[in-house]
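*Asks:* Quick one: this structure, given as structure tokens, is what I'll be asking you about.
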Amino acid sequence: MSENLPIVYLLILLLLLSGTAIFVILQITKTRKTETKLSRLKNKLTKEKGTVKEYYDLGSIYLEKKLYVQAVELLQKAIRVKDSESGEYISKIYNALGFAYFAQEQYDISIRQYKEALKAEPNYVTAYNNLGHAYERKKLTAQALEAYESALKYDPENDTAKRRAESMRKRLTTSS
């Protein structure tokens, strides 16, 4: 058995290295795809007016890159564009705007954006969760609980809303 030990170690090492190589290749592919899309959209939108989807997609890439000011600018342009896809994307755009403002700690503005997203799509669970999170940051526990409970009304299995609602209930009972 002891003579097989080096072979076992080598096989384990080979498996770990193979897994790491696959992970790195997947990350490189994902990054390259994002960068290509970023470049294509930036070039197109500097030369001509884009669609709602194009502004939203570019704004989303900027959000991923934590370039919030640029993301806000593009998402606001997406709201101003009126095309056949406007209605389909409006709640997502407002939710993304809320996220961008939230990331910049502008909670009042983010709350306003999340509420706009919910006006456009009243059963948008992600926007309810985000709204609850913004209320939490402002220490508005009752409003946060209400937002999480609204999320649960539309998606009773939503783990985030369940966990956060329970936490808000505990805060309200201990502060009473």
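*Asks:* Looking at region 107-176, what helices (runs of 4 or more DSSP H) fall wholly within it and have at least 1 residues that are β-branched (Val, Ile, Thr) and closer than 13 Å to Asn95 by Cβ?
*Replies:* Result: 107-120, 125-137.
*Asks:* Need the failing condition index for Leu67 against (1) under 17 Å from the mean Cα position of the chain (by Cα); (2) exposed (fewer than 14 other Cβ atoms within 10 Å of the Cβ), just the number.
*Replies:* Only one criterion in (1) under 17 Å from the mean Cα position of the chain (by Cα); (2) exposed (fewer than 14 other Cβ atoms within 10 Å of the Cβ) is unmet by Leu67, namely (2).
Residues checked against (1) more than 30 Å from Ser39 (Cβ to Cβ); (2) without any contact (Cβ under 8 Å) to a residue 60 or more places away in the chain; (3) hydrophobic (A, V, I, L, M, F, W, C):
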| site | (1), (2), (3) |
| --- | --- |
| Ser60 | no, yes, no |
| Tyr68 | no, yes, no |
| Leu75 | no, yes, yes |
| Ser91 | no, yes, no |
| Gln106 | no, yes, no |
| Leu118 | yes, yes, yes |
| Lys139 | yes, yes, no |
| Met168 | yes, yes, yes |
| Leu172 | yes, yes, yes |
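*Asks:* Consider region 1-53. How many of its residues are of a type in the set (Asp, Glu), loosely packed, with under 10 Cβ neighbours inside 10 Å and in the same structural domain as Glu85 (by TED's automatic domain parsing)? It would help to see each step written out before you state the result.
*Replies:* Here is the first cut: in region 1-53, the residues of a type in the set (Asp, Glu) are 3, 35, 48.
Still in the running and loosely packed, with under 10 Cβ neighbours inside 10 Å: 3, 48.
The next check asks that each one be in the same structural domain as Glu85 (by TED's automatic domain parsing); those that pass are 48.
Of the residues in that region, 1 qualify.
*Asks:* Residues that are surrounded by fewer than 19 Cβ atoms within 10 Å (Cβ to Cβ) and of a type outside the set (A, V, I, L, M): does region 130-138 have at least one?
*Replies:* Scanning region 130-138, I find at least one residue that is surrounded by fewer than 19 Cβ atoms within 10 Å (Cβ to Cβ) and of a type outside the set (A, V, I, L, M), so the answer is yes.
*Asks:* In the set Val81, Val52, Val72, which member is under 19 Å from Asn130 (Cα atoms) and aliphatic (A, V, I, L, M)?
*Replies:* Working: Val81 fails: under 19 Å from Asn130 (Cα atoms); Val52 fails: under 19 Å from Asn130 (Cα atoms).
Testing whether each residue is under 19 Å from Asn130 (Cα atoms) and aliphatic (A, V, I, L, M) leaves just Val72.
The values are calculated or read from the model by the stated rules, or taken from the named source; none is laboratory data. Computed from a predicted model, the values in this text were never measured in an experiment. Quick reminder, even Gly has a Cβ in these numbers, built from the backbone with ideal geometry, and neighbours come from all protein chains shown.
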